[in-house]
Amino acid sequence: MKSSHFFKILHIAILSFIFFTFKIYAIENIDERVKNLTLELRCMTCQNQSIYDSDAEFSNDIKKIVKQKLQQGESERDIKKFLVERYGEYILFRPLVNYNNIFLWSFPFILLIIGVFFVLIKTKTKKA
Amino acid sequence: MNRIFILTPLIVLLIICIFSLVYLLSGKNPNKPPSALLNKDVPIFESSSLYNSKDVIKTKDIKNKKTLINFFASWCSPCKIEHPLFFEIRKKYPELYLLGFNHKDPTLDAKKYLEDDGNPYHFVGVDSDGLIALEFGVFGLPETYLINEDGMIIYKYMGPLTKDILKNEIEPLL
Amino acid sequence: MSSLVGFLSLVFAIGINFYLLLSRYIFKFQNQRFNLFIRLSSLLTLLSFFSLMYAYIISDFSNYNVFQNSHSNKPLIYKISGTWGNHEGSMLLWLSILSIFSFFFSFTKNIDEGFQRLTLIIQSLLHILFGLFIVFTSNPFLVNSILVNEGLGLNPILQDPGLAVHPPILYGGYVGYSIVFSIAIAGLFQNTDDEWLYVAKKWSLISWTFLTGGIALGSYWAYYELGWGGWWFWDPVENISLMPWIAGLALVHSLMMVRGEQAIKKWIVFLSILCFSLSVFGTFLVRSGILTSVHSFAADASRGIFILLIFFIVTGFGFLIFLLKEPKKSNALNLLFINKVSALVINNILMIIATLTILLGTIYPIIIEVLYNKRISVGGPYFNATVIPIMIPGFLLMSIAPILSWQTNKIQNSKKYVLGFIILSVLVLIQSYFLDFNTWGFVGLLLGFWIILASIIAIFSSYKVKFTIKYIQIINPHIAHIGVGIAIVGITCSSVFQNELDFNLNEGDKFNVNGKTVLFKKIETTNQINFQSLRGKFLFDIEKNQLNEIEAGKNYYPVSKMITSEAGILHQWNKDIYFILGDQKNNEWFVKVLINPFVSFIWLGVIIMMYSGLIAVSRR
């Protein structure tokens with residue numbers, strides 16, 4: 001059999017992946033939003049633990065504030081901004097995409113592009 | 001072309017080593033992140049006095065004077081260690097306004113603490129729900145902030161103050 | 001007394017290595033008893049290590065290190081494991097393992113004698129560097145200046161059977177790469193034949209297997225000891241162990257290519273140096289206290305600088321030799337559109353990208369803090385968003401890679417694979433609609449099952465079933481990949497489909513977990529030898545006759561005034577039910593119950609991978 005079958009497999013995989021990535025999620029309830037947000041926040045008094053996972057007093061305070069703010073209709077973005085203004089970007093486990101972090105976020109993709117070029121250049125086109 | 005590829009690891013190594021060395025030598029403490037509020041305006045706050053609930057202090061009340069803000073609580077044992085230092089500061093710098101915020105403390109405990117160990121502060125504000133601490137980005141007691149005449153935070157220290165810190169880091173700013 | 005013996009033998013061992021180094025390169029005389037000297041130095045280092053252990057066992061508090069980290073009132077096993085539960089002792093363990101590797105390497109037969117010696121000389125150099133580090137900055141044999149009859153105690157979080165075995169095995173991996181490093185450098189110098197590649201393969205497989213075991217034990221320990229319900233947190237120390245693991249995986253796979261006629265020596269040498277460099281760099285990051293982590297040791301800048309220097313020397317030396325002595329002739333790669341070589345090359349590239357991404361993510365906060373004096377976190381969300389997508393094409397490829405041909409573009413029996421993939425996709429899709437569709441869950445399950453299925457098809461359609469050692473060796477790559485597939489299924493299920501239930505309970509309350517009734521029997525406090533324990537006792541599934549009792553609670557260690565949480569875990573083959581006892585408020589206890597599906601698959605997958613690693617060692 002030829003390699004075209006392999007292509008088809010890839011095709012199906014990629015297409016289904018793209019299709020489902022765009023699937024619209026049902027609107028989450030407040031508790032789930034609090035969970036998703038606090039999972040990405042650092043408990044400042046703990047060691048590398050997220051606020052969600054932590055039972056420290058600090059974490060419980062922040063959980064309360066996050067919930068309160070979500071109920072008041074503030075967006076996740078606003079809440080993160082609010083916290084960063086007070087505790088610094090250190091509190092965010094997911095680094096912001098900003099000028100300082102552009103290298104951090106683009107690095108894997110730069111490497112990926114270099115890798116793809118490498119493979120393309122080295123691949124022989126002749127059939128064996 | 002090939003050479004450049006082989007040189008890359010050495011260059012990366014050099015960069016990593018330089019950054020690590022600078023970090024190590026700068027004496028940074030991984031457990032004490034730099035404050036996000038440094039060189040920013042003092043947050044807006046309003047707090048009533050521990051002794052008289054009608055006596056209120058607001059952000060604008062500390063304009064035009066150097067202020068040292070200290071967050072403390074009776075249940076915080078490191079606070080007790082640094083406590084005597086504030087008397088020394090008050091004696092040495094009578095111009096400096098000492099503002100203490102009592103963090104999440106029952107009123108009686110706070111009063112007893114200041115009775116037993118003395119009260120070095122010009123004003124003791126109550127922060128019973130921790131909302132003022134939140135505005136200042138406090139997450140572990142004690143924390144101390146130095147604010148200049150323009151209402152800007154020019155220094156922050158986490159943990160109990162020591163004589164060395166006072167002499168080497170705070171006094172030059174006074 | 002034992003401290004003196006330990007210190008002297010440590011110094012003597014370093015002295016012997018100095019002697020070996022000088023005798024060859026300064027005085028130019030050939031040492032007839034070279035191997036004997038190497039073995040002697042290894043035994044001395046071990047003697048040093050065991051004298052420290054002895055001091056711990058008899059609680060000899062005249063030794064400052066024992067005084068700082070032990071307590072007479074502690075079970076024997078934690079006295080033994082306490083030897084490496086601190087910075088100084090664990091560095092001595094590191095050096096001892098280095099010696100053990102040299103010791104065994106000196107017995108290798110059928111290799112060029114000059115090459116063997118050169119390898120051992122490089123090992124000697126490493127021994128000297130780390131030995132001096134111990135003597136000058138982290139001496140575990142210092143004498144306690146005050147007379148005491150009790151020690152300060154071991155960090156309670158480390159008083160656990162997991163800790164007893166985790167570091168020795170993990171170091172077996174880290175330090176094992178030292179011998180691969182030395183072999184590669186020696187190979188560069190000699191550069192005569194390709195024999196060293198086979199030697200390197202064996203040792204890199206051994207190291208990788210150790211590292212796999214060490215990481216898995218560490219995760220398992222974090223899973224039940226930290227009580228957060230997860231087993232991987234993208235903690236810096238975890239990242240540090242993951243980097244040499246992935247690089248080592250790339251190395252092992254590259255060494256496979258030697259069999260496929262094309263030796264890509266340059267790349268292999270690069271990876272060998274990289275693996276050990278990453279191990280040393282990891283040691284630097286942990287020991288200097290430069291990163292906050294659950295696992296870090298006490299910080300000390302002078303140690304940090306010394307070990308940074310070692311890292312610089314070792315890595316710089318390695319890559320410099322690589323630059324000067326790069327292998328001259330390496331045949332062009334026979335990369336066809338889709339053959340085994342190109343599959344391996346693509347996987348290698350992906351693994352290296354993953355490694356470098358983790359490296360950047362781990363050190364980026366340091367760079368930012370130096371440049372801008374502000375601190376950022378690079379945590380789980382970053383690595384999940386970058387490393388996992390990078391690995392996905394690799395996982396797709398690995399399912400079929402072992403049956404690809406070295407020479408041609410053909411895939412045998414490709415119809416079966418296509419059919420298998422399509423059926424599998426439909427099945428996973430159907431099941432994922434029943435269980436709240438989740439993109440990552442879908443992708444992970446599909447990938448995991450696809451890898452398992454393709455490997456099984458490959459085993460049965462490509463080779464005749466025979467029960468011989470040869471057969472076991474031939475199907476070994478597929479078995480390894482089945483292990484990976486099982487682990488992926490476990491990882492996906494336990495992270496994506498984890499379910500959390502919160503309760504506020506009184507003693508005697510009944511509550512519902514997963515359709516089963518659970519009784520919160522009682523709270524019990526007891527005094528153990530070295531801690532006080534608070535346990536909530538739960539009876540799971542009280543309708544059935546077979547009762548499962550689960551204990552979850554906290555321990556209080558009076559010596560160090562610390563509280564550790566002790567999760568109660570009910571292991572079932574298809575899920576773990578994980579109980580966490582919280583605080584008491586208004587007479588009600590907060591109880592968190594996590595249902596982690598298929599966690600056992602992760603450990604099963606890891607065990608299969610380790611088994612395959614060992615089988616591969618035996619195959620030439």
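Values quoted throughout were computed directly from the atomic coordinates according to the rules given, and no laboratory measurement underlies them. Model, not experiment: these values are computed from the prediction. Because the Cβ atoms are built from the backbone with ideal geometry, glycine has one as well, and the counts that use them run over all protein chains shown.
Tabulated data
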quantity: Measure of compaction for segment C:1-158 (Cα Rg per 2.2 N^0.38 Å); calculated: 1.15
quantity: Members of B:92/B:163; C:202/C:470; B:58/B:80; A:35/A:80; B:32/B:156 lying beyond 20 Å, as alpha-carbon distances in this model show; calculated: B:58/B:80
quantity: In Å, descending, principal axis extents of the Cα set of segment C:93-249; calculated: 56, 44, 24
quantity: Global form of the protein assembly as shown, assessed from the alpha-carbon gyration tensor, a/c cut-off 1.5; calculated: prolate
quantity: At q = 0.11 Å⁻¹, base-10 log of I(q)/I(0) for chain B (Debye sum, equal scatterers on each alpha carbon); calculated: -0.51
quantity: Given charges at beta-carbon only (K, R positive; D, E negative), |dipole| of the protein assembly as shown in Debye; calculated: 4040 debye
quantity: Top of B:27, B:159, B:130 by mean-square fluctuation, Gaussian network on chain B, Cα under 10 Å; calculated: B:27
quantity: Cα long-axis angle, helix B:2-25 against chain B (0 to 90 degrees, to the nearest 10); calculated: 20 degrees
quantity: Aspartates and glutamates with Cα under 20 Å of residue C:265, excluding same-chain neighbours fewer than 8 positions away; calculated: C:112, C:193, C:194, C:195, C:326
quantity: Spatially proximal lysines relative to residue C:74 (Cα-Cα < 29 Å; intrachain offsets below 8 disregarded); calculated: C:522, C:537, C:554, C:561
quantity: Neighbour-count order for A:77, C:535, fewest beta carbons within 10 angstrom listed first; calculated: A:77, C:535
quantity: All-pairs Cα distance distribution in segment C:499-600, expressed in whole percent, bin size 10 Å; calculated: 15, 47, 29, 9, 0
quantity: Exposure proxy ranking, count of Cβ atoms within 10 Å, fewest first, for C:388, C:240; calculated: C:388, C:240
quantity: Per-bin percent of Cα-Cα distances, segment C:1-75 [5 Å]; calculated: 3, 17, 20, 16, 13, 10, 8, 6, 5, 2, 1
quantity: Diffusion coefficient, µm² s⁻¹, Stokes-Einstein with Kirkwood Rh over alpha-carbon pairs of segment C:386-479 at 10 °C and 1.306 mPa s; calculated: 108 µm²/s
quantity: Candidate lysines for bridging to residue B:54, where Cα separation is under 27 Å - those fewer than 8 sequence places away on the same chain excluded; calculated: B:63, B:65, B:66, B:104, B:111, B:112
quantity: Euclidean distance of C-alpha centroids, segment C:10-86 and segment C:128-158, integer Å; calculated: 13 Å
quantity: Gyration tensor verdict on segment C:120-207 (Cα atoms; rounded if a/c is under 1.5, prolate if a/b is larger than b/c, oblate otherwise); calculated: oblate
quantity: Selection from B:57, B:8, B:70, by position along the positive dipole direction of chain B (Cβ); calculated: B:8
quantity: Three principal axis lengths of segment A:66-119 [C-alpha, angstrom, descending]; calculated: 52, 20, 15
quantity: Max mean-square fluctuation residue, GNM over chain B, Cα-Cα springs under 10 Å, options B:25, B:68, B:85; calculated: B:25
quantity: Neighbour-count ranking [beta-carbon atoms within 10 angstrom, fewest first] of C:67, C:442; calculated: C:67, C:442
quantity: Once the Cα gyration tensor of segment A:28-122 is diagonalised, semi-axes √(5λ) in Å; calculated: 34, 15, 13
quantity: Rounded to whole Hz, the Karplus (6.51, -1.76, 1.60) HN-Hα couplings of segment C:71-86, x for glycine and proline; calculated: 7, 5, 9, 8, x, 4, 4, 7, 6, 5, 5, x, 3, 10, x, 9
quantity: Candidates B:93, B:121, B:145, ranked by Gaussian network fluctuation over chain B, Cα under 10 Å, top entry; calculated: B:93
quantity: Positive minus negative residues near residue B:127 (Lys, Arg vs Asp, Glu; Cβ under 11 Å); calculated: -3
quantity: Net charge dipole size for segment B:1-104 [Lys, Arg +1 and Asp, Glu -1 on Cβ; Debye, nearest 20]; calculated: 100 debye
quantity: Segment C:1-158, relative contact order in percent, only Cα pairs under 8 angstrom and at least six apart counted; calculated: 36 percent
quantity: Compactness of chain C - radius of gyration and Dmax, Cα, Å; calculated: 26.2, 81
quantity: Expected 222 nm ellipticity per residue - DSSP helices of 4 or more, -39500 (n - 2.57), all of chain C, to 500; calculated: -21000 deg cm²/dmol
quantity: Residues in segment A:35-71 that a label on residue B:129 would reach, taking backbone N under 20 Å of a point 7 Å out along Cα→Cβ; calculated: A:57-71
